[in-house]
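The values are calculated or read from the model by the stated rules, or taken from the named source; none is laboratory data. Since the structure is predicted, the reported quantities are computational estimates derived from the model, not experimental observations. Here the Cβ positions follow ideal geometry from the backbone for every residue, glycine too, while neighbour counts run over all protein chains shown. The area values use the complete protein model at the heavy-atom level, side chains included, leaving out ligands, DNA and RNA. Shrake-Rupley method; radii C 1.70, N 1.55, O 1.52, S 1.80 Å.
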Amino acid sequence: MLGMAWPTQKSAGMCSRLESQKTHLKSICLQYHMYLLLNSHFFFLLKNKTGLTIFFLCAYIPKTEADHCKWTEVLKDLEQIKTSEDIDVSLYTANTDEDKECQEPIMRCFFLEMNVILHECNIKNCSKTQDVYNILKNGNASFKNELSSTTSKKCKECEEYEEKSFTEFIQNFVKVIQKECK
């Protein structure tokens, strides 16, 4: 007789914590529960036509989930902080019309400057500190998935860009992310 795999209390708690985080990794919980369902009922599902249909639909869901932009949560948080009056800093701001091959260094530059904003928020105890922290957390999670060591020599270093106001920085950051999501 086949044993059935049910999620343990510990794994259910892990998923609820993951679901409360604002990252693109939330789909792991959905995939995990599909895995448990398929693992426990796999042979039963393959015995009939309905089961096969469910199996193929479940196999397709992770593919469609992966097609969305990984920067969506960052964009949402940028919209939250762009009107903040607590943040008054000048930041190195990359141009939105840089070469496509410089896209990764540009994104890294924006996230480095977000560390400056977080530091400023911690000093001033600003109201948007959690949103800034979420941007950094989600950005770091996205960069862990794609580390590229090949950077063109024509790409600028972060400090080579002009310093601009917080408002201009956020506007350019949003444009760069929207360009990345196309």
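Quick look at the numbers
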{"item": "Region 72-98 residues that are more than 25 Å from SER142 (Cα to Cα) and free of Cβ contacts under 8 Å to residues at least 60 places away in the same chain, paired with ones that are open to solvent by 50 Å² or more (accessible area, probe 1.4 Å) and not in a loop (DSSP other than H, G, I, E, B) (beta carbon under 8 Å, 6 or more apart)", "result": "ASP86/LYS124"}
{"item": "Residue within region 145-159 that is at pLDDT 90 or above, among the hydrophobic types (A, V, I, L, M, F, W, C) and at negative phi present", "result": "yes"}
{"item": "Members of region 162-174 that are exposed (fewer than 14 other Cβ atoms within 10 Å of the Cβ) and closer than 15 Å to ILE106 by Cβ", "result": "GLU162"}
{"item": "So GLU73, is it open to solvent by less than 60 Å² (accessible area, probe 1.4 Å), under 25 Å from LYS156 (Cα atoms) and acidic (Asp, Glu)", "result": "no"}
{"item": "Neighbours by Cβ (under 7 Å, 6+ apart or cross-chain): first from region 121-140, touching a residue at least 60 places away in the same chain (Cβ under 8 Å); second among the aromatic types (Phe, Trp, Tyr) and assigned to a helix (DSSP H, G or I)", "result": "GLY139/PHE111"}
{"item": "Residue that is surrounded by the most Cβ atoms within 10 Å (Cβ to Cβ), among those in region 108-123 that are more than 15 Å from VAL176 (Cα to Cα) and not β-branched (Val, Ile, Thr)", "result": "CYS121"}
